[in-house]
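The values are calculated or read from the model by the stated rules, or taken from the named source; none is laboratory data. What you are looking at is a predicted structure, and each value in this text was computed from that prediction instead of being measured. When we count neighbours, we look across all protein chains shown, and the Cβ atoms used for this are built from the backbone with ideal geometry, even at glycine.
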Amino acid sequence: MILRIALPVPLDRLFDYLPIDDRACVGARVQVRFGQRQLIGLIAEIAHESDYPTNKLKPIEATLDPQPLVDEELMQLGAWAANYYQYPVGDALLHLVPNLARKEERPEPTPTPLYRLAPDADIEAISKRAVKQRALFHYLQNDNSGVDSSQLREAGYEKRILDALVELQVVERFIAAPGTANPVIELAQPHLALNDEQQLAVEQINLSNNYHCSLLAGVTGSGKTEVYLQAIEPHLLAGKQILILVPEIGLTPQLVARFSSRFRAPLVTLHSGMSDRARYEAWERARSGEARIIIGTRSSIFVPLKHPGLILIDEEHDTSLKQQEGFRYHARDLALVRGQNLNIPVVLGSATPALESLLNAQLQRYQLLQLTKRAGEAHPPRFELIDTRNQTIEAGLTDEALRQMGSHLSAGNQVLVFINRRGFSPSLVCQGCGEAVHCTRCDAHMTLHRRPPRLHCHHCDRQTPIPLQCNQCDGTELRPNGSGTERIEERLQQLFNQVPVKRVDRDSTHSRQAFDQLMTEVGSGEPQILVGTQMLAKGHHFPDVTLVVILNLDAGLLSADFRAMERTSQLMLQVAGRAGRASKPGKVLIQTQHPQHPVLATLLEQGYLAYAQQELRSRESLSLPPYTYQAIVRAEAQRQGWAEAYLMRLRQLLDQAGAEQAGLLLAGPFPANMEKRAGMFRAYLVITATRRSALQHLLRQARKWIEQDPDAPRVRLSIDVDPIDAQ
């Protein structure tokens, strides 16, 4: 018997070893000697012969799992993904195992303490001023079978609040007894009333329990989450598990709160903000079938499901669902493959669906379900364009924008100002020679930050003190050029000192606690100004925001990247959707130097789906994705020119292999727009095909040549299939 082992190494093959006992099974972990290292690998296949003499094969050192840790369905998914995304199969298969199980031989789950209301719990024991403690009391009333601390944290309740209730003996801590992993699933809250469009969507999603894909295209505020809740209910009541993918960690608390308040069902979350131990325990609860609702970011597509019922992707258009380094898979696309393999329904939801998804709906591969009206009493916001040509702009804002902000704040409402630039200013410029301070490791300006004061490159993370003089001319007149979130926050604090100004970006909300605290303050309903990046754009419900001001939109309208217009449109409408989500009417101001731009006119007058149809026709006429299929081969090297030279050799070999005759178009190699990044010089080669099979065949040939090329080690190469970035 020969064991073929998947190992986390950059070689596209499995490695043959001999067993040491008869416990070997596909999907189990083993410990092996690989060169001078000891590695934990996964048994991918069991064979009866090897390409190598048996006496040359090493035995494994230990069998770590008597039973498979990864089931056959996931092993097939991992192998398919490795083949499609042209990634080493061993490394891809190890993505099926949580980090802790790749490091520890015996990552036994520790008993998770649960919390519930004490039998004689009385809310009167809690001070009326302890609003959060009382809210937690009501939350726990919904589920007396017990919830764990991570679930409470995801729902917005910090540990100190929980500890306070334990000390008051209002809440008790206990360990669940073995054999209680199959609780009765119940509704904790009644349904909300659905309008006709929502009702039809729920019925169509649940038309069949077999595989079919539904694309739920609902305008912002149309009640997509309520459709999700009512669509998954029959699956939960039938004892099935629901896998929900979200693009950002920031979206999980809101979804957790909504799902926890609706269902008495074991729920776990998985995302990068959790410790390896917490992720492993959540993974185990999903694998055992105990967890019925699993909410996670893109890597959660590889979570094992004992009783799969439905897969749901929220904000399916979001680029965060595509892994951009290493194993460059797209979680949305893998969800469709997995749904077919498991024969269960898949739901894709978005206010601004990706063009690929809309084309699939047109081709009737997906059923398109539209929600065109906002839920309840809410109405779509009104749009107004502010022409910034020949206007005085202070800290990025026009006088008209400031006037309207003051009017909304005076009425007791909240205002959101969106600009997708962190820091105080995107550059620091010498007034003597006009030179900006550059990053020494990237072809980029250093961003000026004031809190704390520093220059920061957002591409390589290099940080330096703010210089006192120019490196080029020794001048001392260095001034910020342009505006970022910090500068706008500072100016608005000066102009509107009677209301709080909250900045929401990666710098101000680097911890989950900071983000949760900020969301709590916004939820108070008090007049305030939010200044933030796209962290504010995705799925958040701000019922008291009545005015949204969008700055610096023009960069996306004028980009050379053919995807830039789609991304800009999606981002603009997602941000705009934060206005007027409750009974208060909303308004959106867009500052632009191009108020006559045809895309803006289509979006504001006819909506996103009308724009998407225009964009699809344009893409078809130009033979661009999604009507063709693309891959990008990227190269980076320590010296300028090496990456381009290597890709040129690769292109010549692919030309000789008959790329043109097979209908493939090779473009490049080109230096990247930011050629130097983090000290490496970058270039790329674009391959376009009219057939996926032809593209995959050519990429396999390219990988074979690269593996055999002795010059390959001096260039770092990666293949990106179905890229979402132009370079």
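A few remarks follow.
- Of the residues making up region 340-391, those that are among the small types (G, A, S) and farther than 18 Å from T546 by Cα are G349, S350, A351, A354, S357, A361.
- Scope region 541-580; condition farther than 22 Å from L609 by Cα and in a loop (DSSP other than H, G, I, E, B); matching residues: H541, F542, P543, D544, L551, N552, A560
- Test result for A121, small (G, A, S), surrounded by fewer than 21 Cβ atoms within 10 Å (Cβ to Cβ), out of contact with any Ser or Thr (no Cβ under 9 Å at 6 or more places or on another chain) and in contact (Cβ under 8 Å) with a residue 40 or more places away in the chain: yes
- Some residue of region 338-355 being outside the structural domain of Q593 (by TED's automatic domain parsing), assigned to a helix (DSSP H, G or I) and either modelled with pLDDT under 95 or of a type in the set (A, V, I, L, M, F, W, C) (or both): yes
- So R102, is it modelled with pLDDT under 90, of a type in the set (D, E, K, R), closer than 30 Å to I40 by Cβ and assigned to a helix (DSSP H, G or I): yes
- Test: residue in region 152-166 that is modelled with pLDDT under 80, closer than 25 Å to I249 by Cβ, among the small types (G, A, S) and crowded, with 20+ Cβ neighbours inside 10 Å: yes
- Residue within region 235-255 that is more than 14 Å from the chain's Cα centre (by Cα), assigned to a helix (DSSP H, G or I), among the β-branched types (V, I, T) and closer than 30 Å to S583 by Cα present: no
- Hits in region 583-615 (condition: closer than 22 Å to G223 by Cα, out of contact with any Phe, Trp or Tyr (no Cβ under 9 Å at 6 or more places or on another chain) and not in a helix (DSSP H, G or I)): S583, K584, P585, G586, G607
- Test: residue in region 303-320 that is in a helix (DSSP H, G or I) and at pLDDT below 90: no
- Matching residues, region 1-46, being outside any strand (DSSP E or B), farther than 27 Å from E325 by Cβ and touching a strand residue (DSSP E or B) at 6+ places or on another chain (Cβ under 7 Å): M1, P19, I20, D21, R23, A24, C25, V26, A28
- Of all residues in region 261-277, those that are surrounded by fewer than 22 Cβ atoms within 10 Å (Cβ to Cβ) and touching a residue at least 60 places away in the same chain (Cβ under 8 Å) total 6.
- Answer from K676, K704 - the residue that is crowded, with 17+ Cβ neighbours inside 10 Å and over 16 Å from I632 (Cα atoms): K676
- Residue match in region 207-224 (condition: part of a helix (DSSP H, G or I), in contact (Cβ under 8 Å) with a residue 12 or more places away in the chain, closer than 11 Å to G309 by Cα and out of contact with any helix residue (DSSP H, G or I) (no Cβ under 7 Å at 6 or more places or on another chain)): no
- When the residues of region 199-235 are filtered to those that are farther than 14 Å from V347 by Cα and among the polar types (S, T, N, Q), the one that is surrounded by the fewest Cβ atoms within 10 Å (Cβ to Cβ) is Q199.
- Matching option when the condition is in contact with a Pro (Cβ under 6 Å, 6 or more places away or on another chain) and surrounded by 17 or more Cβ atoms within 10 Å (Cβ to Cβ), among L699, L647, L654: L647
Here is a yes/no grid of residues against (1) modelled with pLDDT under 90; (2) hydrophobic (A, V, I, L, M, F, W, C); (3) more than 20 Å from A351 (Cβ to Cβ):
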site	(1), (2), (3)
L558	yes, yes, yes
D561	yes, no, yes
E566	no, no, no
G580	yes, no, no
K584	yes, no, no
E605	yes, no, no
L616	no, yes, no
P626	no, no, no
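- Scanning region 426-469 for residues that are part of a loop (DSSP other than H, G, I, E, B) and surrounded by 20 or more Cβ atoms within 10 Å (Cβ to Cβ) yields a total of 6.
- Of the strands (runs of 3 or more DSSP E) that lie entirely inside region 663-722, those containing 2 or more residues that are farther than 22 Å from F327 by Cβ span 665-677, 680-689.
- Annotation note: of T398, T372, T392, T352, the sole residue that is among the polar types (S, T, N, Q) and in contact with a strand residue (DSSP E or B) (Cβ under 6 Å, 6 or more places away or on another chain) is T398.
- A single entry from I301, I313 fulfils the requirement of being closer than 18 Å to S288 by Cα, surrounded by 19 or more Cβ atoms within 10 Å (Cβ to Cβ), under 17 Å from the mean Cα position of the chain (by Cα) and touching a residue at least 40 places away in the same chain (Cβ under 8 Å): I301.
- Verdict on E290 being of a type in the set (D, E, K, R), over 30 Å from V9 (Cβ atoms) and surrounded by fewer than 22 Cβ atoms within 10 Å (Cβ to Cβ): yes
- A single entry from Q241, Q230 fulfils the requirement of being closer than 19 Å to A201 by Cα, of a type outside the set (S, T, Y), in the same structural domain as N341 (by TED's automatic domain parsing) and at pLDDT 85 or above: Q230.
- Selection status of G641, under 25 Å from L359 (Cβ atoms), surrounded by fewer than 19 Cβ atoms within 10 Å (Cβ to Cβ) and touching a residue at least 12 places away in the same chain (Cβ under 8 Å): no
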